[in-house]
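The values are calculated or read from the model by the stated rules, or taken from the named source; none is laboratory data. As the structure is a prediction and not an experimental result, all values here were calculated from the model. Cβ sites come from the backbone with ideal geometry, for glycine too, and all protein chains shown count toward neighbours. The protein model used for the area step is the full one, side chains on, heavy atoms only, and it has no ligands, DNA or RNA in it. Shrake-Rupley method; radii C 1.70, N 1.55, O 1.52, S 1.80 Å.
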Amino acid sequence: MRSLRPGDEEAAVRWAADAEFCRAAGWTVGLAGRVVRRHWQGIIAGTGPDFRRWGVEYGGRLVGYVDLADLSDTSGEFGIAIGERELWGQGVGTRAGQLLLAHAFGDLGLQTVTAEVHRPNLPSHALMRRLGFSEVGEGGPDGYRGERVPTVWYALERENWASLRP
């Protein structure tokens with residue numbers, strides 16, 4: 001996990017060319033590279049204080065990102081996307097999630113991290129469980145792979161996270 005830097009938008013342009021990734025991540029399929037590039041340049045330049053995004057590296061290259069949204073002094077919402085499909089199911093997301101949680105609870109001092117997962121996204125539900133999150137409720141419908149589907153809310157409290165660490 002590292003800070004995003006100029007040039008990282010090129011990885012996002014590469015991911016945006018993969019329609020399967022776009023459908024899974026909730027990105028618009030078929031966006032022009034210049035649109036993706038401009039959007040990511042804004043993220044790299046910095047967003048508001050309630051949103052932070054970091055790059056996920058594997059083998060020396062940017063392969064995804066993790067973020068905290070709706071960030072306050074005590075909580076934030078977990079987000080993750082691994083843009084390189086050949087790395088899906090290889091543990092990269094688990095490790096990136098562990099690093100983000102260590103930063104959220106250790107460095108930022110958050111008390112609670114939440115996450116919202118689309119009901120049909122079984123790999124993301126498995127990731128939440130591996131990271132120690134507990135299901136806490138149902139969310140409203142949201143777009144996923146071209147359909148409106150229910151979402152599931154997860155939460156992880158700092159003391160529960162601390163008890164999971166070796």
TODO: Add +1 for every Lys or Arg and -1 for every Asp or Glu among the other residues with Cβ under 13 Å from the Cβ of T112, and state the total.
DONE: -4
- [ ] Could you check the simple spin-label distance between D142 and E57, using points 7 Å along Cα→Cβ, in nm with one decimal?
- [x] 2.9
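What is the extension gain from E159 to L31, computed as 0.36 nm multiplied by their sequence separation minus the C-alpha to C-alpha distance, in nm to one decimal?
Values: separation 128, 0.36 × 128 = 46.08 nm, distance 4.18 nm.
That pair, E159 and L31, stretches by 41.9 nm at full extension.
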Open item on the list: Tell me the carbon and sulfur percent of the accessible area for region 8-160, rounded to whole percent, probe radius 1.4 Å.
Closed with: 49
Open item on the list: Leaving out ligands and nucleic acids, and using a 1.4 Å probe, what accessible area per residue does region 1-87 come to in Å²?
Closed with: 50
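Can you give the % of DSSP beta bridges in the chain that are antiparallel, to the nearest 5? Before the final figure, lay out each step's value.
Details: 30 of 33 bridges.
Counting DSSP beta bridges with both partners in the chain, the antiparallel share is about 90 percent.
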- [ ] Express in Å², to the nearest 10, the accessible area of S72 obtained by rolling a 1.4 Å probe over the protein heavy atoms while all chains stay in place.
- [x] 50
Open item on the list: Considering all projection directions equally, how large on average is the shadow of the alpha-carbon convex hull of region 9-89, in square nanometres?
Closed with: 5.8
Task: Stokes-Einstein diffusion coefficient of the chain, Kirkwood radius over Cα pairs, 25 °C, 0.890 mPa s, in µm²/s - done: 150
Task: Q111 versus A19: modelled label distance in nm, points set 7 Å from Cα along the beta carbon direction - done: 4.7
